[in-house]
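See below for the structure under consideration.
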Amino acid sequence: MPDQPRQPLSDLPASRLLGHPVVLVVISLAFVATVWTLISMITDGESSPGKIIFRSLSVVVVGFATWSAWQLFQARRRARNS
């Protein structure tokens, strides 16, 4: 089976774009940065509960986006290999 040429990111629909390896890496880095910021806020003694709650929600949202991107990436990989 010949390899299909890669589509440019701008030509992909949103559901396929989320599973693109480049987007997966960017979202994963955002997740790590968000967790790092939350940990540093807590260890630095950030006293504002609103900021900590907002950052915690950000971790959940970005974590879900990372998980979704990973699932789509795996589905695309399985579909291509079968």
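Each residue in region 41-54 was checked for being surrounded by 10 or more Cβ atoms within 10 Å (Cβ to Cβ) and part of a helix (DSSP H, G or I), and 6 of them qualify. Is it fair to say residue 31 is in contact with a Gly (Cβ under 7 Å, 6 or more places away or on another chain) and touching a residue at least 40 places away in the same chain (Cβ under 8 Å)? It is false that residue 31 is in contact with a Gly (Cβ under 7 Å, 6 or more places away or on another chain) and touching a residue at least 40 places away in the same chain (Cβ under 8 Å). Restricting region 41-57 to residues that are modelled with pLDDT under 80 and of a type in the set (S, T, N, Q) leaves a set whose member that is farthest from the chain's Cα centre (by Cα) is 47.
Within region 30-40, the presence of a residue that is part of a helix (DSSP H, G or I) and modelled with pLDDT under 80 is excluded.
The values are calculated or read from the model by the stated rules, or taken from the named source; none is laboratory data. Small disclaimer: the values here were computed from a predicted structure and weren't measured. Ideal geometry is used to build each Cβ from the backbone, glycine not excepted, and the neighbour counts take in all protein chains shown.
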